[in-house]
Amino acid sequence: MNDEEYVSLGVDDIAAAVRSGELRAVEVVAAALRRIAERDGGLRAFTQVWRDAALADARAVDAAVRRGGRPPLAGVPIAVKATEGRASEQSRRLLAAGCVPVGATAVPGPGTPWRTWGLTDRGRTLNPWLPDRSPGGSSAGSAVAVATSMVPLATGNDGAGSVRIPAAWCGVIGLKPTGGRLPARDRAGLNVGGPLARRAADAAAWLRAVAGPVPPAADRPARVLWSPTLGFAEPDQDVAAVARAALRELPGLVPVEAPVRLRDPGPAWTALRAGDGDDRALNDAALATVFAATDLLATPTTPNPPHDHRGPGPVVSAALTWAFNLSGHPAITLPAGHTPDGAPVGLQLVARHGEEALLLAVARNAPPWRGPSPGTDGGGRPA
């Protein structure tokens, strides 16, 4: 399997080819390891590469297929967020489905009040579009590994936006499932596992593997309500303009207008994480009103473009994401385009509880992103 063939295949393509014997899991995993060796030197997406273990796991998948096994994600190479490891519930379910973990991806180091970056023993993880900018966090390395096609799928977890923010800043898809869809990763119940992927179908394959069958989306045009502020945030004008333009290009949606007046969830989120109170229902009534008027709520994923490696300053990058960790609503970020200076922007879509299928259906119908590809020369420079 050459590099071009590897990059062209989605998760379901790989699994079908391995199950049929057209490809061996060992071939696919070897291609992933080769691409990591070629691309990760300057980007620093991985803190560890598990070459020997990955090849052993791939051989085990091939042996299972020869015995008649049909794992749904047979031989799919995945990158695993370092704080998830192989032992998390998300990882165990993916391994049981036939995925092959190839390495651990970068997360923020200790000692910083902001989490939108990644750290390795070789230095900070770089944004593959603009290496002087952050890739987002805390699932930083997972987003970079997917954006540069080192792997088709990576795991993250999202307690305030930690899947959606790096996905937006690296130009990939990131899904935060409904709260409770997977066991929470924290005592506050805010942090849920989620995938980073280049294709909506790959995120859907992740959902099937970790959560089982999900009810299909209703067969009717979905209503969508645009709110760049949620009633309290102050997004960058360029970021909001790019996200709204991307929303207009999504087919089959019916725009509606209604007020969105949420309260800033920051104090409630912080208190809940610290064990100083539980105001999880802060915006429940307002969101119930919103979803009585619409099927989807659309926002920029972040109010700001990717910041440099010194930090975000006073801007809260999670301002538009963490309300939905408190409320438990599922949310997805889609690549929306770039600001005039080349910074990637994400479009966030939020649905009612349990309606991940609607988010993924809209994502599948999104037109191809017409922007350039991120750099793949190992230094993060655009091609």
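The values are calculated or read from the model by the stated rules, or taken from the named source; none is laboratory data. Worth saying up front: this structure is predicted, and the values here are computed from it rather than measured. Cβ: placed from backbone, ideal geometry, glycine included. Neighbour counts: every protein chain shown. Just the protein is used for accessible areas: all its heavy atoms, side chains included, with ligands, DNA and RNA removed. Shrake-Rupley method; radii C 1.70, N 1.55, O 1.52, S 1.80 Å.
Which is the longest part of the chain that has none of the trypsin sites (Lys or Arg not before Pro) sitting in a DSSP loop with at most 11 other Cβ atoms within 10 Å?
188-309
Run through the DSSP bridge list for the chain and note the antiparallel percent, rounded to the nearest 5.
70
Could you provide, to the nearest whole Å², the per residue accessible area of the chain with probe 1.4 Å?
38
So, in Å, what gap is there between the alpha-carbon centers of the stretch 100-161 and the stretch 226-278?
Their Cα centres are 23 Å away from one another.
Pairs of alpha-carbon atoms within less than 8 angstrom and 6+ residues apart define the contacts here; what relative contact order does the chain have, in percent?
Value for the chain: 18 percent.
Calculate for the chain the 222 nm mean residue ellipticity that helices alone would give, adding -39,500 (n - 2.57) per DSSP H run of length 4 or more and normalising by residue count, nearest 500 deg cm²/dmol.
-10000 deg cm²/dmol
Among 100, 224, 254, which one shows the biggest mean-square fluctuation in a GNM of the chain, springs joining Cα atoms closer than 10 Å?
254
Rank 241, 87, 1 by how far each Cα sits towards the positive end of the charge dipole of the chain (+1 on Lys, Arg Cβ; -1 on Asp, Glu Cβ) and give me just the farthest.
My answer, from the dipole projection, is 87.
With Cβ to Cβ distances under 15 Å as the rule, what net charge do the other residues near residue 9 carry (K, R +1; D, E -1)?
Here the charged neighbours net out to -2.
Which net charge results when you count Lys and Arg as +1 and Asp and Glu as -1 among the other residues whose beta-carbon is under 11 Å from that of residue 88?
+3
Not counting the cut sites, what is the longest span of the chain without GluC sites (Glu not before Pro) that DSSP labels loop and that have at most 14 other Cβ atoms within 10 Å?
Here the longest segment lacking exposed loop sites spans 23-256.
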